[in-house]
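Below is one structure; the comments refer to it alone.
The values are calculated or read from the model by the stated rules, or taken from the named source; none is laboratory data. Only a predicted model underlies this, so the values are computations on that prediction, with no experimental measurement involved. Every residue, glycine among them, receives a Cβ derived from its backbone with ideal geometry; neighbour counts consider all protein chains shown. The protein model used for the area step is the full one, side chains on, heavy atoms only, and it has no ligands, DNA or RNA in it. Shrake-Rupley method; radii C 1.70, N 1.55, O 1.52, S 1.80 Å.
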Amino acid sequence: MKIAITYNADTHLKPHLNEVERLGEDEVAESARDVYAALSEQYDCGLFPVGDCITTALLEIRAFAPDVVFNLCEGVLGRTHWEAHFVLALDLLGIPYCGCDAVTIALTQDKGFIKQLLRQIGAPTPEGRAVAPGSAEEAVLEDIRGLLARAASGRVIVKPCCEDGGIGVDTSSVVDSPEAAFARCREIWDVYQQSALIETFVDGKEYNLALYASARGLVTLPPGEIVFAAGLRREERVVGWKAKWDLGSVEDLSTESRIVVDMDPQLHAEITATCRHVAAMMGMAGYCRFDLRQGPDGRIQIIDINANPDIGPGSGFRKALAAANIRFEEFLAELIHARLHTRRESWRSAA
């Protein structure tokens, strides 16, 4: 079997990123090499970076004539929100691939849109709205006042709508005044050239749940938790770019990702049922990770859905696989087998 492993090599096309955020971008290549090492002993594999020209990359992949593509692209040509476009190109060329499809990626890529969708299907998520560049200041300030009044924490969090990996999120993202929130929106418009998401800040425990579709059905991995240091202020209890990529920083040293081995059964059941329901409603395939927070009322809220999340060494997804006693090579083989040999949409049929 021939497997093409694709990943984005476009960090040089993202001048808006700081040096630390660029480290996170570069780890995509490390993940690709890790997948290559795991698969190349058994299959004929090739690494295909997608850099300055999508056409060139697609022609090279087509010439390789793979049986399947293992896609790790997190955007192309420096545009994170074009992640779905590359997958759609594979679809149009009739090249099978592992991972989420273009529709699922597009839905989850836009944090403002997915929030509306979650509310429409009755899934719990913090109240919020997306604010496009150039929006009228007074109208936005009025909306923010309403969000602050209804937020149990008395705060909102403002983040880019179409970035991942914690990019654009740090302690200054959590604010308690309309003016500070609007100023953060302006900064996101200027730096990231995209809409800003303003949502009520849930000050509580943060969990995550990883899932993937295999030929035998939907696999739910053990839940994880982000443990924040006791001395952190409310606005510091976020997993932004510093916590993820700035090794040795206060944010990095104050957050710990771990698998929960003693979760309350009722809470575990709620998290699992919520995530599986949403995955099924969206018709997801491949693998994903849900980020959730527990509010002061004890209820779980979905704060983000990550289609094709980080599966590199040290990632939360890998920790969850290890906790489930699933070898990384076994996980990759299950994804490939499901893509090539399973016709039915296993996650949709689980609804």
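Computed quantities for the displayed model
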| quantity | calculated |
| --- | --- |
| Number of the condition not met by Ala210 [criteria: (1) surrounded by fewer than 23 Cβ atoms within 10 Å (Cβ to Cβ); (2) within 30 Å of His341 (Cβ to Cβ); (3) touching a Lys or Arg at 6+ places or on another chain (Cβ under 8 Å); (4) of a type in the set (Gly, Ala, Ser)] | (1) |
| The range 1-31: number of residues that are in a strand (DSSP E or B) and either touching a Leu at 6+ places or on another chain (Cβ under 9 Å) or of a type outside the set (D, E, K, R) (or both) | 6 |
| Residues of the range 170-196 satisfying the condition of being at pLDDT 95 or above, within 20 Å of Ala243 (Cα to Cα) and in contact with a strand residue (DSSP E or B) (Cβ under 6 Å, 6 or more places away or on another chain) | Ser173, Val174, Arg184, Ile188 |
| Residue, surrounded by the most Cβ atoms within 10 Å (Cβ to Cβ), within the range 154-168, restricted to residues that are farther than 12 Å from Val131 by Cα and at pLDDT 95 or above | Val156 |
| Conditions (1) open to solvent by 50 Å² or more (accessible area, probe 1.4 Å); (2) touching a helix residue (DSSP H, G or I) at 6+ places or on another chain (Cβ under 6 Å); (3) of a type outside the set (Ser, Thr, Tyr); number of the one not met by Arg276 | (2) |
| Within the range 213-234, considering residues that are part of a loop (DSSP other than H, G, I, E, B) and closer than 25 Å to Asn18 by Cα, the one least open to solvent (accessible area, probe 1.4 Å) | Leu232 |
| Residue in the range 279-307 that is surrounded by the most Cβ atoms within 10 Å (Cβ to Cβ), counting only those that are closer than 26 Å to Arg216 by Cα and either without any contact (Cβ under 8 Å) to a residue 12 or more places away in the chain or of a type in the set (D, E, K, R) (or both) | Arg289 |
| Yes/no for Asp252 being among the charged types (D, E, K, R), at pLDDT below 95 and open to solvent by less than 50 Å² (accessible area, probe 1.4 Å) | yes |
